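The values are calculated or read from the model by the stated rules, or taken from the named source; none is laboratory data. All of these numbers come straight from a predicted model, not from anything done at the bench. Every residue, glycine among them, receives a Cβ derived from its backbone with ideal geometry; neighbour counts consider all protein chains shown. Ligands, DNA and RNA are excluded from the accessible area calculation, which covers all protein heavy atoms including side chains. Shrake-Rupley method; radii C 1.70, N 1.55, O 1.52, S 1.80 Å.
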Amino acid sequence: MIEVQGVAKYFGRFSALRDLSVTVREGEFVSLFGRNGAGKTTLLRILAGLTRPSSGDVRIHLSGPRSPQEARGGMGYLSHNTALYGDLTAVENLRFYANLFDLALDEAELDKRIQLVGLAGREKEPVRNYSRGMQQRLAIARAFLHDPSILLLDEPFTGLDQTGTEFLKDYLSRAHGRGKTCVMAIHDAVLGYELADRILVIESGGVAMDVARRSVSLAEFQQRYRALVKERSDAG
Amino acid sequence: MPAKVWTIFRKDLLIELRTKDSLNAMIFFGIVVLVIFNFALEAIRESIRAAVPGVLWVSFAFSGTLGLNRMFAAEKENSCLQGLLMVPVDRGIIYLGKMIAACVFMLLTEAVIFVFSLIFFNLTVWREIPYVVLVCLVGTLGFTAVGALLSAIAANTKMREVLLPLILFPVVLPILVNAVEATAIILNTVDYRQLKLPLTIMTVFTIVFATLAYLLFEYVLED
């Protein structure tokens, strides 16, 4: 479970999050929507422990409350930045992260992980030679190498082609089916709606809409979201 | 813990051996500094041994700063630092891995620069080499103990190439001054007991700053 209580984040005078409170239950899939600069990435980075909130409290429960260091071991963070070393091969990248996560993965297992993301035959090639989409596929293997309980996803479909998008969508659906907690920032309303149990719209650093997916149709959600964005744009 | 430090160090070493981005630049720059001093000190060729310690450490410090500036460049590309920060290890471990990598690269560079300095300044130093190695090791550890932390701070700013030397040199001044003094004792005297004071100062400085940096590194890396 993830508990966010009254979190605010300031970058100088700019306030990215304002008194934001939200609870994500274990096994829940939450899609975060919002305009650029609404605070989605900041929220995800705070949840991941990459950014310290200016005020407020974040609690990550993985079979009980954990220290930030322990909590990181149970979280996977995937964004449009791949966090891969261009001068290392795919296998070397995964081996590096596997060692840091204390995972005893041999060469065959690492090859298997790379093949699973559709990069068979390219294991020994420097990542710099990969296309953007291929790098994002490898980033998926990297982020979920340690089979985390909580998946934090910041625009994870960026750069993926149709096959890659289908692969990631299927991967996330299966992960959700296995009880993983997912929080995903996304702009694509259809993808975000299809995958989610719950939809949150973040606007001006706060929660502007919080609905269960079952309670709204896609068309209804899109209509409400557009209206909300227009209202905020007019007000701003 | 040592395994994780080794993992980070090994990764940096592998990337450097593959690209030679830092080492080539550091060695080239260090040798250029020597060449300039070689011409500048032509007038005092007779007493060149007195000037060599200062020349050497200026060259080591300048080329080392170049390496430190590159240290977090690979981590910034593709936001690799973000991936590193997500691993469940004490963030001080990241500091130790990076610091040891920087230290090894700097020592390799120093070895090449030292050999070139023997040629340029026509020095014979067989007997002194073990002591020079000791001073270089302690001095470089101190330099990189501070440098790795400040490099991480500078990497988060727009003016990192300019900022690093500005904040690094005032802090590492005690290391540089004592390293020059110790090298001068080795090259210009026979009484090596005098090495005790500069070596002690450098060792204490290194331990204090490495401990502080290990503890502070977590706060340096977060937004």
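Points to keep in mind about this one:
- Just one of (1) within 30 Å of A:LEU138 (Cα to Cα); (2) open to solvent by 50 Å² or more (accessible area, probe 1.4 Å); (3) among the aromatic types (Phe, Trp, Tyr) fails for B:PHE105. It is (2).
- If the condition is being among the β-branched types (Val, Ile, Thr), at pLDDT 95 or above and under 15 Å from B:VAL138 (Cβ atoms), then region B:186-218 contributes B:THR200, B:ILE201, B:THR203, B:VAL204, B:THR206, B:ILE207, B:VAL208.
- Test: residue in region B:173-190 that is over 16 Å from B:GLY54 (Cα atoms) and open to solvent by less than 50 Å² (accessible area, probe 1.4 Å): no
- Long-range neighbours under 8 Å by Cβ, at least six apart or interchain, first residue away from chain B (no Cβ under 14 Å) within region A:35-61, second polar (S, T, N, Q) and part of a loop (DSSP other than H, G, I, E, B): A:ALA38/A:SER204
- The C-beta contact set for region A:84-96 (first residue within 11 Å of B:ASN78 (Cβ to Cβ), second residue open to solvent by less than 10 Å² (accessible area, probe 1.4 Å) and outside any helix (DSSP H, G or I), distance under 8 angstrom, 6+ apart or interchain) comprises A:ASN93/A:LEU84; A:ASN93/A:TYR85.
- Scanning region A:184-236 for residues that are open to solvent by 40 Å² or more (accessible area, probe 1.4 Å) and among the hydroxyl-bearing types (Ser, Thr, Tyr) turns up A:SER204, A:SER215, A:SER217, A:SER233.
- Residue list for region A:2-21, restricted to those being touching a residue at least 60 places away in the same chain (Cβ under 8 Å) and touching a helix residue (DSSP H, G or I) at 6+ places or on another chain (Cβ under 8 Å): A:ILE2, A:LYS9, A:ALA16, A:LEU17, A:LEU20
- Criterion: within 14 Å of another protein chain (Cβ to nearest Cβ), surrounded by fewer than 23 Cβ atoms within 10 Å (Cβ to Cβ) and touching a residue at least 24 places away in the same chain (Cβ under 8 Å) - qualifying residue of B:PHE72, B:PHE62, B:PHE116: B:PHE72
- Matching residues in region A:4-14 - criterion: being on the phi < 0 side of the Ramachandran plot and surrounded by fewer than 16 Cβ atoms within 10 Å (Cβ to Cβ): A:GLN5, A:TYR10, A:PHE11, A:ARG13, A:PHE14
- Residue within region B:20-28 that is within 14 Å of another protein chain (Cβ to nearest Cβ), under 18 Å from B:MET106 (Cβ atoms), among the charged types (D, E, K, R) and open to solvent by 40 Å² or more (accessible area, probe 1.4 Å) present: yes
- Selected residue (criterion: farthest from A:GLN222 (Cα to Cα)) from residues of region A:62-81 that are within 9 Å of chain B (Cβ to nearest Cβ) and of a type in the set (Ser, Thr, Tyr): A:TYR77
- Which listed residue, of A:LEU32, A:LEU50, A:LEU43, is within 17 Å of the chain's Cα centre (by Cα), part of a loop (DSSP other than H, G, I, E, B) and buried (at least 18 other Cβ atoms within 10 Å of the Cβ): A:LEU50
- Evaluation of A:ALA90 against (1) open to solvent by 10 Å² or more (accessible area, probe 1.4 Å); (2) closer than 18 Å to A:HIS146 by Cα (one fails), failing number: (1)
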